[in-house]
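Comments concern the structure below.
FYI, it's all coordinate maths here, none of it is from the lab. Keep in mind it's a predicted model, so treat the numbers as computed, not measured. All Cβ positions, glycine included, derive from the backbone under ideal geometry; neighbour counts span all protein chains shown.
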Amino acid sequence: MAKILILGAGSMGTAFSVPCSDNNHQVTIVGTHLEDNFIEKINIDGVHPALNCKIPSNVKFLKFDKLYDELNGEIDFIVIAVVSKGIDWAASQLSKIKNLKIPILILTKGLSINKNKYEILADKVERILKKNGIKKPKLIAAGGPCLAIGLANRIHTSVIYASSNIKNAEKISKLVSTNYYHVFTSNDVIGVEVSAAIKNIFSMLIGASKGLCNTEANKELREKNYLNTAASLLQQSIYEMIIFTQNLKGKKETVLGLAGIGDLYVSADGGRNSKMGYFIGEGISYEDAKKLKMPNETIEGAELIFEIGAKIKNDFSIKKLPLMISMINTILNKKPLKIEWNNFK
């Protein structure tokens, strides 16, 4: 039995506690300071409000003020399950551990910019930890198609864990794998992290397919006849994901696996980014759609565009990445979504 500490009481961190609990591990989830009321509710009725399902009774939820005590207690591995904006906070909190030699699994997906270079989250966490005197942390990055609600309900789910030292990924995969949570491993950390992040942008584009399939047709016709367009957008999305990932030194085969195509499929078919894409495809601006349609939801693809969109536009032409840059223009420049179909490959 392992002792597992999860940072972040959101949907994914909580869902991840289910296979851990099923493997008889001792699981503690500590929320951020923004989740105190959230955790009070869970501790009263045992139901996670976002997942709307019962949490295993042996999973312990604690408020933020208990974090320091937990960090310096006996732990076998730590899980970072905060939103991408919280990754700096999470890494700073981990720096408080006196002797951090245990594995750290990063469920958070995203990319950032550091010194005008793209930075995967594993590198960002490592940089912050090293700055605070922690050398050679054992970091594992998670990718692949995993909707939290499915995992929380023990639906068959396949994911991929990546580490520069694959033995670290294999060790954690053995601890958390179940008969429904299937974990594969890779040493392509860049490929897994980049694919996991940018697929959110392309999920919005595929989600826009109903609005894009024929701008002169009525809504009923578009709702019934958008699949040709969706398939075209899917193919181009994969093509551009390969270009972008390889440019950052990730592997093409990673994009063609769980971290790329697999995650893109799930996100495009049933995720928040796809839902936002639908509204954008209908001609609603991102600001209005966020404010009026999805006020309480984090749109990872849009957040990523705010983080790295300007650099992508500087590094790539619209002929090279016509889909990606079209969505970047739509969100950063507050323009209607316009697809340059003639630039497709």
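Brief remarks follow.
- Listed residues GLU126, GLU170, GLU220, most fluctuating in the chain (Gaussian network, C-alpha, under 10 Å): GLU220
- Within segment 3-187: Cβ-based charge dipole about Cα centre, in debye rounded to nearest 20 (Lys, Arg +1; Asp, Glu -1): 720 debye
- Bridge type composition, the chain - antiparallel percent by DSSP, nearest 5: 25 percent
- Summing +1 for each Lys or Arg and -1 for each Asp or Glu among the other residues whose beta-carbon sits under 15 angstrom from that of LYS345 gives +1.
- Take every Cα pair under 8 Å whose residues are at least 6 apart in sequence, average their separation, divide by the length of segment 198-343, and the relative contact order is 31 percent.
- Residue among PRO56, PRO295, PRO322 with the largest mean-square fluctuation in a Gaussian network model of the chain, springs linking Cα atoms under 10 Å: PRO295
- Estimated FRET transfer efficiency when R0 is 56 angstrom, pair SER164-GLU223 (beta carbons, to 0.05): 0.75
- Size of charge dipole - the chain - debye, nearest 20, with Cβ of Lys, Arg +1 and Asp, Glu -1, no other charges: 840 debye
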